[in-house]
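Step one of this worksheet: look at the structure below.
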Amino acid sequence: MKDKLREITDSTINELLGNEIILPSNYFQCFDKNAKNIDIDLKSEDFEKELNQLILDEFNSINSYVNDAMKTIDNVADITKEAEKAIEQNDSLLLKNLYNQITTLKKELLEMTNNIYKDYLTKLYNKKWLYFKYLDEKANFKESAIVVLIDITDYYYISKTYNKLIANNLLIYISKCLNKAFIDEQLKFKTIRFLTNKLIIIFDEESLSQIRSVVNTISDSLFETTLQSNSGILIKPTFDYSFIEVKKNQSFHTSLESLTKKIKEEQNKIV
């Protein structure tokens with residue numbers, strides 16, 4: 001159910017992205033239409049039961065995170081008190097033991113952070129990270145950057161024609177190829193899985209011409225590549241993309257609309 005709701009939401013946002021104003025009625029109509037496309041009746045009792053269970057699961061998950069965070073905070077407080085005593089008594093053995101405990105806590109905090117801010121499938125950053133860590137409270141860029149939108153257009157076709165596992169493997173393969181190439185070029189970047197089939201890559205203080213060259217090279221290389229699934233299905237790992245340079249305090253959503261428009265214009269030229 002959660003995967004289906006995520007797919008419906010992403011399809012709805014993708015369809016309405018170019019609209020300057022999105023009324024609740026527009027969103028619901030579009031959401032309802034996309035739900036019907038994957039055979040979900042929003043008014044059925046079965047859907048309501050599954051939705052209630054999903055909300056309960058989400059609540060339990062959030063509650064679990066809160067409880068873990070509180071335990072960690074309590075542990076930090078205890079370690080701080082013990083450290084103060086150890087320093088006063090010049091107890092090096094106790095300090096060493098506390099250091100080991102702090103290392104364990106750091107690992108626990110990192111795991112908690114990854115659970116919140118990393119995509120469950122690709123292990124890339126997710127939308128929560130983008131909005132809560134990278135953008136300001138008004139969804140504007142905190143710093144100037146170069147942003148690339150990657151649109152894996154065949155994702156939904158492959159998912160419906162074959163199966164979602166193959167589509168997901170395609171997404172993972174393309175994202176790994178992109179990240180490897182950027183690392184090889186020693187570029188400073190962050191990759192976000194923004195929608196089901198869309199990635200956003202943000203570069204800090206890099207050359208647009210260099211980034212464009214790297215992405216073009218990857219795209220050309222993958223176009224000449226053919227992947228084969230375990231069941232023998234042959235797939236071309238292709239994607240569409242667009243670039244934009246953004247300034248500090250520039251609106252993320254306005255930039256995203258521009259990136260999406262550029263991709264659609266290029267797709268229309270091909271058609």
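The values are calculated or read from the model by the stated rules, or taken from the named source; none is laboratory data. Small disclaimer: the values here were computed from a predicted structure and weren't measured. With ideal geometry, Cβ positions are generated from the backbone for all residues, glycine too; neighbour counts draw on all protein chains shown. What goes into the accessible areas is simple: the full protein's heavy atoms, side chains included, and nothing from ligands, DNA or RNA. Shrake-Rupley method; radii C 1.70, N 1.55, O 1.52, S 1.80 Å.
A few remarks follow.
- Residues of segment 160-169 that are open to solvent by 40 Å² or more (accessible area, probe 1.4 Å) and in a helix (DSSP H, G or I): Lys160, Thr161, Lys164, Leu165, Asn169.
- Test: Leu199 is under 18 Å from the mean Cα position of the chain (by Cα), modelled with pLDDT of 95 or more and within 23 Å of Leu256 (Cα to Cα): yes
- Selection within segment 182-196 - within 9 Å of the chain's Cα centre (by Cα) and open to solvent by 60 Å² or more (accessible area, probe 1.4 Å): none
- Residue check, Tyr99 surrounded by fewer than 14 Cβ atoms within 10 Å (Cβ to Cβ), out of contact with any Asp or Glu (no Cβ under 8 Å at 6 or more places or on another chain) and either modelled with pLDDT of 70 or more or within 30 Å of Tyr173 (Cβ to Cβ) (or both): yes
- Restricting the first member to segment 204-216 and to residues that are under 19 Å from Cys177 (Cβ atoms), and the second to residues that are of a type outside the set (Ser, Thr, Tyr) and assigned to a helix (DSSP H, G or I), the beta-carbon pairs closer than 7 Å and six or more apart or on different chains are Val214/Ala181; Val214/Phe182.
- Exactly one residue among Asn90, Asn140, Asn126, Asn115 is of a type in the set (S, T, N, Q), on the phi < 0 side of the Ramachandran plot and at pLDDT below 85, and that residue is Asn115.
- Residues of segment 171-209 that turn out to be assigned to a helix (DSSP H, G or I), in contact with a strand residue (DSSP E or B) (Cβ under 9 Å, 6 or more places away or on another chain) and farther than 26 Å from Asn114 by Cβ, as a count: 1
- Condition met for Thr153 (more than 14 Å from the chain's Cα centre (by Cα), free of Cβ contacts under 8 Å to residues at least 12 places away in the same chain and under 30 Å from Glu266 (Cα atoms)): no
- Flag for Ile172 being open to solvent by less than 20 Å² (accessible area, probe 1.4 Å), touching a residue at least 40 places away in the same chain (Cβ under 8 Å), under 18 Å from Phe239 (Cβ atoms) and among the hydrophobic types (A, V, I, L, M, F, W, C): no
- Residues that are of a type in the set (S, T, N, Q) and in a strand (DSSP E or B) within segment 215-271 comprise Gln228, Ser242, Ser251, listed in sequence order.
- Residue match in segment 130-143 (condition: open to solvent by less than 60 Å² (accessible area, probe 1.4 Å), touching a residue at least 60 places away in the same chain (Cβ under 8 Å) and assigned to a helix (DSSP H, G or I)): yes
- Criterion applied to Ser219, Ser229 was being more than 19 Å from Gln267 (Cα to Cα) and among the hydroxyl-bearing types (Ser, Thr, Tyr), and the one residue passing it is Ser229.
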